Amino acid sequence: MSTDWTPTLWSECFEEMLDEELDSSDQWAFHFNYGLTEALTKEERRRGWRVYNHCAYGRFQCGGCSKTWRSARVVLMFRYRLRDTTARGTVLMRPYGQACKRCREEFELPGFSQNEVEEALLGLFGKIKKNCYDEDEEEEEEEEEEEDEEEEEEEEEEEEEEEEDGSEKVSRRPHEKALCEACRLGNCCQE
Ligand SMILES: [Zn+2]
Ligand SMILES: [Zn+2]
């Protein structure tokens, strides 16, 4: 899994999954907006915008000290809408960062495995199908199972790696709100 934020991985996956997931000839565009806010204004709501938040497993590297860490609470925010009149859909994505525990400076953007990207986009397409195309969401049972898993993993949320003299030490710690951009903005996936 890479620690680099790679927008192309996301946009390419989106393009690939579009044909498989949506049974429609509508044109969908996928963009990034790093200043996107969660709260929709009345006007935005009226224009059909909706929000979907996904909690993913991602990996980070500090630009200052090169320390790497992993987190099971990396928040990805999506806004989406379909304009019926033009048959064009738009998705905007904002990844939330985390700061290095040691340096506590900038929020670094997360890197993901292809699997994580696909899982996040599957969740997004599920919402699009339900809210833009009136298709039912299929996965009620699966969602319950996921909740159970989350409980078990409660104590393994974040992992630090120290790679000094070739050895790798991994320690586990709870989610640190002060280092999470989504927590800072009141938009994290916990609870
Ligand atoms: Zn650092
Ligand atoms: Zn958080």
Does Ala56 meet the test of being under 10 Å from the mean Cα position of the chain (by Cα) and open to solvent by less than 40 Å² (accessible area, probe 1.4 Å)? yes
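If I filter segment 93-108 down to residues being assigned to a strand (DSSP E or B) and open to solvent by 30 Å² or more (accessible area, probe 1.4 Å), which single residue comes out as farthest from ligand 1 (Cβ to nearest atom)? Explain how you work it out, then say what you get.
Taking segment 93-108 and keeping what is assigned to a strand (DSSP E or B), we get 93-95, 98-99, 107-108.
From the residues that got through so far, the ones that are open to solvent by 30 Å² or more (accessible area, probe 1.4 Å) too are 107-108.
Working: Phe107: 12, Glu108: 9 Å.
Taking the candidates together, the pick is Phe107.
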Index of the failed condition, Arg70 passing every other in (1) open to solvent by 10 Å² or more (accessible area, probe 1.4 Å); (2) in contact (Cβ under 8 Å) with a residue 60 or more places away in the chain; (3) away from ligand 2 (no atom under 15 Å from the Cβ): (3)
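Between Ala56, Ala29, which is in a strand (DSSP E or B), farther than 24 Å from Gly186 by Cβ and small (Gly, Ala, Ser)?
Numbers: Ala56 fails: farther than 24 Å from Gly186 by Cβ.
Result of the check over Ala56, Ala29: Ala29.
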Could you please let me know if Cys13 is at pLDDT 95 or above, of a type in the set (A, V, I, L, M, F, W, C), surrounded by 15 or more Cβ atoms within 10 Å (Cβ to Cβ) and closer than 15 Å to Val74 by Cβ? no
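Against the definition (more than 18 Å from Glu181 (Cβ to Cβ), away from ligand 2 (no atom under 16 Å from the Cβ) and either part of a helix (DSSP H, G or I) or open to solvent by 20 Å² or more (accessible area, probe 1.4 Å) (or both)), how does Thr90 come out, yes or no?
yes
The rows are residues; the columns are (1) surrounded by 17 or more Cβ atoms within 10 Å (Cβ to Cβ); (2) among the charged types (D, E, K, R); (3) at pLDDT below 70.
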{"position": "Leu121", "(1), (2), (3)": "yes, no, no"}
{"position": "Asp136", "(1), (2), (3)": "no, yes, no"}
{"position": "Cys180", "(1), (2), (3)": "yes, no, no"}
{"position": "Gln190", "(1), (2), (3)": "no, no, yes"}
Return a yes/no flag: does segment 161-177 have any residue that is among the small types (Gly, Ala, Ser), surrounded by fewer than 18 Cβ atoms within 10 Å (Cβ to Cβ), modelled with pLDDT under 95 and closer than 21 Å to Met17 by Cα. no
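The rows are residues; the columns are (1) among the charged types (D, E, K, R); (2) in a loop (DSSP other than H, G, I, E, B); (3) open to solvent by 30 Å² or more (accessible area, probe 1.4 Å).
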site: Leu36; (1), (2), (3): no, yes, no
site: Glu43; (1), (2), (3): yes, no, yes
site: Val51; (1), (2), (3): no, no, yes
site: Thr85; (1), (2), (3): no, yes, yes
Between a residue in segment 87-110 that is touching a residue at least 12 places away in the same chain (Cβ under 8 Å) and any residue that is of a type in the set (Asp, Glu) and open to solvent by less than 30 Å² (accessible area, probe 1.4 Å), which pairs come within a Cβ distance under 9 Å, given they are 6 or more apart or on different chains? Gln98/Glu158; Lys101/Glu160
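The values are calculated or read from the model by the stated rules, or taken from the named source; none is laboratory data. Quantities reported herein were computed from a predicted structural model and do not represent experimental measurements. Here Cβ is always computed from backbone atoms with ideal geometry, including for glycine, and neighbour counts include all displayed protein chains. Remember, those area values only see protein heavy atoms, side chains included, never the ligands or the DNA or RNA. Shrake-Rupley method; radii C 1.70, N 1.55, O 1.52, S 1.80 Å.
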